[in-house]
Amino acid sequence: QGIMAGKRGLVLGVANNRSIAYGIAKACVDHGAEIALTYQGEAFKKRVEPLAAELNAHVAGHCDVTDPTTLDAVFDDIAKRWGKLDFLVHAIAFSDKDELTGRYVETTRDNFLRTMDISVFSFTTIAKRAEALMTDGGSLLTLTYYGAEKVMPHYNVMGVAKAALEASVRYLAVDLGAKKIRVNAISAGPIKTLAASGIGDFRYILKWNEYNSPLKQTVTQEEVGDSAVYFLSNLSRGVTGEVHHVDSGYHVVG
Ligand code: 0WD
C-alpha cells in the first residue's frame, strides 16, 4: 500500500540509474504508485528497460520532446493503457555543453532556442497533453535549479531557461488549477548525473555546496525522490505554483 497507492504516473527524463527522474520514480513505486517511463532514442532504451523491469514500470516508448509525434504516441499509449493519469514528472533539460562554460553573453541564437525548447516549452506542451488525461485532478512536477534565481558560474543560458521554467510553473498552476491539477517544481541542489557532467567545474560546485550548505552535504536522488512524493501525493493537495528547494538549505546562504 502506501501514500501513492492507486496512483498512476508518467516519469520523463530517466537516462540511467543516476538520473534524478530515477530517484523520483523509485520513491513513487516504493510508496505504492504505478509508473510509466519513456526513453530518448535507442541508446537510452537499453538503459531504461532494465530499470523499468526493476520498478515494475510500463515503458511508454521513445520520447524526444523536440518531436511532437513522439509525444502524441506516448500520450496515446497512456490513454489506451490507463485511460487517465494522476501525476507526471518532467526531468528534462538540454543545452550545448560548449556554452555551459565561459560567458553567458556568448550564447548563440541556435543554442538559446534549442535550450528553451527542450528545457522550458516541453513542460508546457506536456502539461497540455497531461491535462486531457487528468480527469480526477493531478499533480505535475518539474525540476529546476538555483541558477534561475542567482548567477551561478557556467550555468549561463540554462539559468535563463530555468527562470522561464519557474515562471511557467506559476502560469500553468493558474491555467490548470480549476481542474484541480497542481503544478510545482523542486529546485534540487547539485547532483552528479549525466546532464550535470556537461556543466563546467561541476565537481567544484558540488564541493562548494557541501562545505557551505546548512546541512553540510550535497543532496541525493533519494532525497529529491522523497520530497517529490509529497508533491505527487495528496499530502500536498493544498499546494500549487510552488518552487521548493531540496538543496540541503544552500539557498538561505548562497
Ligand atoms: O545537479 C543536477 N543534476 C540538477 C539537475 C540540479 C537541479 C536540477 N536539475 C534538473 C535538470 O536541469 C533536469 O531538468 O533535473 C532534471 C534532470 O536532470 P538530471 O537527472 O541531472 O540529468 P540526466 O540523468 O542526464 O537526465 C536528463 C535527461 C536526458 O539525459 P541526457 O543525458 O541525454 O541529457 O533529459 C532527457 C534525457 O533523457 N532529455 C530529453 N528527453 C526527451 N527529449 C531530451 C529531449 N529532446 N533532451 C534531454
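Couple of notes before you dig in:
- Calculated FRET efficiency for the pair Ala5/Tyr104, C-beta based, R₀ 45 Å, to 0.05: 0.50
- Approximating the spin labels as points 7 Å out from Cα along Cα→Cβ, the Leu113-to-Asp226 distance works out to 4.5 nm.
- Database remark: amide H of Ser139 closer than 5 angstrom to the amide H of Phe87, Leu88, Arg182 (H placed geometrically; neighbours at sequence offset of 5 or more, or on other chains; Pro and chain starts carry no H).
- In the chain, the DSSP-assigned H stretches of four residues or longer account for a calculated mean residue ellipticity at 222 nm of -13000 deg cm²/dmol, using -39500 (n - 2.57) per stretch and the full residue count as denominator.
- When the alpha carbon gyration tensor of region 48-181 is reduced to an equivalent ellipsoid, the three semi-axes, largest first, read 29, 18, 13 Å.
- Over region 122-174, Cα pairs under 8 Å with separation of 6+ residues give a relative contact order of 33 percent.
- Relative contact order of region 126-254, taken over Cα pairs closer than 8 Å and 6 or more residues apart, is 30 percent.
- The chain: relative contact order as a whole-number percent, Cα under 8 Å and 6+ apart: 20
- ³J(HN,Hα) computed for each position of region 62-73 - Karplus, 6.51 cos²θ - 1.76 cosθ + 1.60, integer Hz, glycine/proline x: 6, 9, 10, 5, 7, 10, x, 5, 6, 5, 4, 5
- Net charge contributed by nearby residues that have their C-beta within less than 15 Å of Trp208 (K/R +1, D/E -1): +2
- Label point distance in nm, Thr135-Leu194, each placed 7 Å from Cα along Cα→Cβ: 3.5
- Listed values for region 35-46 are Karplus-derived 3J(HN,Hα) couplings in whole Hz (6.51 cos²θ - 1.76 cosθ + 1.60, θ = phi - 60°), namely 10, 10, 10, 10, 9, 9, x, 4, 4, 7, 3, 5, and x replaces Gly and Pro.
- Here r is the Cβ-Cβ distance between Asp72 and Val252 and R0 is 35 Å; the resulting FRET efficiency, rounded to 0.05, is 0.25.
- Between Ala178 and Arg203, the contour length at 0.36 nm per residue exceeds the Cα-Cα span by 4.7 nm.
- Accessible surface for region 8-252, divided over its residues, is 47 Å² per residue with a 1.4 Å probe.
- In region 8-252, the portion of solvent-accessible area held by carbon and sulfur atoms comes to 53 percent [1.4 Å probe, whole percent, DNA, RNA and ligands not counted].
- Near the amide H of Glu149, within less than 5 Å, lie no amide hydrogens of residues on another chain or at least 5 residues away, with H placed in the peptide plane.
- Amide proton proximity set for Ala185, modelled H, under 5 Å, gap of 5+: Thr142, Glu242, Val243, His244
- Cross-link partners of Lys192 among lysines, defined as those whose alpha carbon lies under 27 angstrom from its own and excluding same-chain residues fewer than eight positions apart: Lys26, Lys45, Lys46, Lys97, Lys150, Lys162, Lys207, Lys216.
- Lys/Arg +1, Asp/Glu -1 at C-beta; the chain dipole; positive extreme among Thr38, Ser168, Ser236: Ser236
- Filtered GluC sites (Glu not before Pro), region 1-85: DSSP coil and at most 13 other beta carbons within 10 Å: none
- Computed from backbone phi with θ = phi - 60° and the Karplus coefficients 6.51, -1.76 and 1.60, the 3J(HN,Hα) list for region 194-201 is 4, 5, 5, 5, x, 8, x, 6 Hz; x is used for glycine and proline.
- Over all other residues within a Cβ to Cβ distance under 15 Å of Met152, the charged ones net out to 0, with Lys and Arg as +1 and Asp and Glu as -1.
- q = 0.17 Å⁻¹: log10 I(q)/I(0) that the Debye formula gives for the chain, counting C-alpha atoms only: -1.38
- The distance linking region 138-200 with region 103-122 is 15 Å (Cα centroid to Cα centroid, whole angstrom).
- For the pair Ala163 and Val151, the difference between a 0.36 nm per residue extended length and the Cα-Cα distance amounts to 3.2 nm.
- Gyration tensor (alpha-carbon) shape descriptor, region 1-60, a/c threshold 1.5: prolate
The values are calculated or read from the model by the stated rules, or taken from the named source; none is laboratory data. Because the structure is a prediction, the values reported are computed rather than measured. Glycine gets a Cβ as well: all are built from the backbone with ideal geometry, and neighbour counts include every protein chain shown. With ligands, DNA and RNA removed, areas are computed over all heavy atoms of the protein, side chains included. Shrake-Rupley method; radii C 1.70, N 1.55, O 1.52, S 1.80 Å.
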